[in-house]
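J.: The structure follows.
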Amino acid sequence: MREARLAYILIAPAVLFLTIFVAYPFFMALWMSLTSKRLGMPGTFVGLGNYLRLLDDDIFRQTAWNAVLYTGVAVGIKTVTGLALAMGLAKLSRGAQLIRAIVLLPWVIPISLSALAWWWMYDPLYSVFNWGLGLIGIHKIPWLSNPFWARVAIITTNIWRGLPFYGLCILAGLLAIPRELYEAAETDGAGRLATFWYVTLPLLRPVLGTVILYSVVMTISDFETIYLITRGGPRNTTHLFSTLAYQVGLVGTEIGLGAAIVLFIFPVLAVAAFLLIRLVRQSEQIA
């Protein structure tokens, strides 16, 4: 009984924190999404009117496609390159700690500073990339004025920032794999590819599932990168749910509609979390 009471006492601050800063804002946003509330005005109950209005909106449909494209491409590339980075870091012997610390720098730097640095590198007049391309005779790339290159720009920035997190988390999973399993696979005549496929990858699935889930949540809800580099342009082709909600809810003063935009992320994240957690549990049972 004493241990049970102590457990409740230790859990209480976390429950209180989540109630105040997570549950309360969520239910407030849910209520506002069902109203016509504007800044400085109470609004009236409209039910699912805001959601139906968004489904008929071309900009919102464009934003939904942007979110799928941005998240899918960025998370996919980060997963593959993060795995390669982790395997490379695991092979290091001399200066491994220093190199790992340097690799972590993009993740440690505040996102506002790194996004502004990337914006400067993409700037039409002062772009470092275009200056380098000009030295080898290649025409300038319209990084921020062309829809395709604007998407490439923000996805590249997101990958640069998230790759160290992937690499170090996967590296921790690699170092936790018992060496005896690799020795047994080598004794059985397994090559490098077979060892990776049948030993390394299955044992990394719980780590990969957790990292991918976190990355999906953070990528699809990204705000700073988009707002500081493109502000959703050109022609709304880089808007995500968060930036569109800011533009509609705060700049456009339609708080109810902005809340509805944000809440469209919730079902997507819920499905992604369910699938990834199920994959992790299946991998743990197999292991």
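J.: Just need a number here: residues in region 31-54 that are at pLDDT 90 or above and within 17 Å of F266 (Cα to Cα).
T.: Of the residues in that region, 8 qualify.
J.: Scan region 78-97 and tell me whether some residue there is of a type in the set (S, T, Y), without any contact (Cβ under 8 Å) to a residue 60 or more places away in the chain and in a helix (DSSP H, G or I). First the steps, then the outcome.
T.: Pass one, region 78-97, residues of a type in the set (S, T, Y): 79, 81, 93.
From the residues that got through so far, the ones that are without any contact (Cβ under 8 Å) to a residue 60 or more places away in the chain too are 93.
Right, trim to in a helix (DSSP H, G or I) and you get none.
Scanning region 78-97 turns up no residue that is of a type in the set (S, T, Y), without any contact (Cβ under 8 Å) to a residue 60 or more places away in the chain and in a helix (DSSP H, G or I).
J.: Among T63, T44, which is the only one that is of a type in the set (S, T, Y) and touching a His at 6+ places or on another chain (Cβ under 9 Å)?
T.: Values: T44 fails: touching a His at 6+ places or on another chain (Cβ under 9 Å).
T63 is the lone residue from the list that is of a type in the set (S, T, Y) and touching a His at 6+ places or on another chain (Cβ under 9 Å).
J.: If we keep just the residues of region 245-266 that are within 15 Å of T219 (Cα to Cα) and aliphatic (A, V, I, L, M), which is modelled with the highest pLDDT?
T.: Selected residue: V262.
J.: Could you please find all residues in region 190-245 being surrounded by 18 or more Cβ atoms within 10 Å (Cβ to Cβ), in a helix (DSSP H, G or I) and hydroxyl-bearing (S, T, Y)?
T.: Those that are surrounded by 18 or more Cβ atoms within 10 Å (Cβ to Cβ), in a helix (DSSP H, G or I) and hydroxyl-bearing (S, T, Y): T200, S215, T219, T225, Y227, S242, T243.
J.: Separate question: Whether any residue in region 121-143 is under 21 Å from the mean Cα position of the chain (by Cα), at pLDDT 85 or above and surrounded by 17 or more Cβ atoms within 10 Å (Cβ to Cβ) is what I want to check.
T.: Here is the first cut: in region 121-143, the ones under 21 Å from the mean Cα position of the chain (by Cα) are none.
No, region 121-143 has no match at all.
J.: Turning to a different aspect of this structure: Please give the number of the condition R61 fails out of (1) surrounded by fewer than 17 Cβ atoms within 10 Å (Cβ to Cβ); (2) under 27 Å from T225 (Cβ atoms); (3) among the basic types (K, R); (4) in contact (Cβ under 8 Å) with a residue 12 or more places away in the chain.
T.: It fails just one condition, (4).
J.: Starting from residues that are modelled with pLDDT of 85 or more and not hydrophobic (A, V, I, L, M, F, W, C), keep the ones in region 1-30 and report whichever is farthest from R53 (Cα to Cα). Before you say what the answer is, go through the steps one by one.
T.: Looking only at region 1-30, we keep the residues that are modelled with pLDDT of 85 or more, and these are 5-21, 23-30.
From what's left, not hydrophobic (A, V, I, L, M, F, W, C): 5, 8, 13, 19, 24-25.
Numbers: R5: 50, Y8: 45, P13: 40, T19: 31, Y24: 25, P25: 23 Å.
My answer is R5.
J.: Any chance region 3-26 includes a residue that's surrounded by 15 or more Cβ atoms within 10 Å (Cβ to Cβ), assigned to a helix (DSSP H, G or I) and either of a type in the set (V, I, T) or at negative phi (or both)? Let's see the steps before the verdict.
T.: Residues of region 3-26 surrounded by 15 or more Cβ atoms within 10 Å (Cβ to Cβ): none.
No: region 3-26 contains no residue that is surrounded by 15 or more Cβ atoms within 10 Å (Cβ to Cβ), assigned to a helix (DSSP H, G or I) and either of a type in the set (V, I, T) or at negative phi (or both).
J.: A follow-up question, please. List pairs: first in region 146-171 and under 18 Å from N236 (Cα atoms) and modelled with pLDDT under 90, second crowded, with 18+ Cβ neighbours inside 10 Å and aromatic (F, W, Y), Cβ under 6 Å, 6+ apart or cross-chain?
T.: none
J.: Being of a type in the set (V, I, T) and in a helix (DSSP H, G or I) is the filter; apply it to region 158-189 and report the residue that is farthest from T225 (Cα to Cα). Steps first, please.
T.: The initial filter retains those residues of region 158-189 that are of a type in the set (V, I, T), namely 159, 170, 177, 187.
Within this subset, residues satisfying the condition of being in a helix (DSSP H, G or I) are 159, 170, 187.
Numbers: I159: 11, I170: 24, T187: 49 Å.
Ranking the qualifying residues of region 158-189, first place goes to T187.
J.: It is to be established whether one or more residues within region 267-280 are modelled with pLDDT of 85 or more and under 18 Å from G72 (Cα atoms). It would help to see each step written out before you state the result.
T.: Pass one, region 267-280, residues modelled with pLDDT of 85 or more: none.
No: zero hits.
J.: For region 74-93, how many residues meet the condition of being among the β-branched types (V, I, T) and surrounded by 19 or more Cβ atoms within 10 Å (Cβ to Cβ)? Walk me through it before giving the result.
T.: Step one: filter region 74-93 for residues among the β-branched types (V, I, T), giving 75, 77, 79-81.
Among the residues that remain, those that are also surrounded by 19 or more Cβ atoms within 10 Å (Cβ to Cβ) are: 75.
Qualifying residue count, region 74-93: 1.
J.: Right, here's the next one. Write out, first by first residue and then by second, each pair whose Cβ atoms fall under 7 Å of each other, whose residues are 6+ apart or on separate chains, and whose first residue, in region 249-265, is among the polar types (S, T, N, Q) while the second is surrounded by fewer than 18 Cβ atoms within 10 Å (Cβ to Cβ).
T.: Going by the 7 Å Cβ cut-off, the qualifying pairs are T253/R38; T253/L39.
The values are calculated or read from the model by the stated rules, or taken from the named source; none is laboratory data. Owing to the predicted nature of the structure, the values given are computational and were not obtained by experimental measurement. A quick note on method: Cβ atoms are made from the backbone with ideal geometry, for glycine too, and the neighbour counts reach across all protein chains shown.
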